[in-house]
Amino acid sequence: MESKGYSWKWVTASRLLSRGPCELISAEVVPSATTTTTILYDGENTNGDKIVQFNITIVLNWSFKPPVPIYCRRGLYVTVGTSVTGVFVQWRELRG
């Protein structure tokens, strides 16, 4: 798929990225200090199913790049922990 088919966002605070079905392509967490957590959910808030949880204990960028996109049937939400510079997320909206 061409890059114009994907959405992306540099996220610095918890937020809804996609309403409704989408595919999570990748996520990269950039911590600014140790001991923080960032979570991606299949859903429109923290009541959704956890897709991935980053429990960071050292200051290194953490990547999540699954071999195939992850289908999110109810949307895509990210919580950004304290001491996180930001999270770069890529996904593809699905209309149906």
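The values are calculated or read from the model by the stated rules, or taken from the named source; none is laboratory data. The model shown is predicted, which means the values in this text are computed figures rather than measured ones. Backbone-built Cβ (ideal geometry, glycine too); neighbour counts: all protein chains shown.
Observations on the model:
- Of all residues in the stretch 8-24, those satisfying the criterion of being surrounded by 13 or more Cβ atoms within 10 Å (Cβ to Cβ), among the small types (Gly, Ala, Ser) and modelled with pLDDT of 95 or more are SER14, SER18.
- Neighbours by Cβ (under 8 Å, 6+ apart or cross-chain): first from the stretch 26-44, without any contact (Cβ under 8 Å) to a residue 40 or more places away in the chain; second assigned to a strand (DSSP E or B) and among the hydroxyl-bearing types (Ser, Thr, Tyr): TYR41/TYR77; TYR41/THR79; GLY43/TYR77; GLU44/TYR77
- Subset tally (residues that are in contact (Cβ under 8 Å) with a residue 24 or more places away in the chain and not in a strand (DSSP E or B)) for the stretch 45-94: 17
- The stretch 58-83, subset polar (S, T, N, Q) and closer than 12 Å to VAL30 by Cα, residue surrounded by the most Cβ atoms within 10 Å (Cβ to Cβ): SER83
- Residue in the stretch 35-43 that is within 11 Å of the chain's Cα centre (by Cα) and at pLDDT below 95 present: yes
- Hey, ASP49 surrounded by fewer than 12 Cβ atoms within 10 Å (Cβ to Cβ) and modelled with pLDDT of 95 or more or not: yes
- Filter pass, SER26 being small (Gly, Ala, Ser), over 24 Å from SER3 (Cα atoms) and out of contact with any His (no Cβ under 8 Å at 6 or more places or on another chain): no
- Residue within the stretch 25-38 that is exposed (fewer than 13 other Cβ atoms within 10 Å of the Cβ) and in a strand (DSSP E or B) present: no
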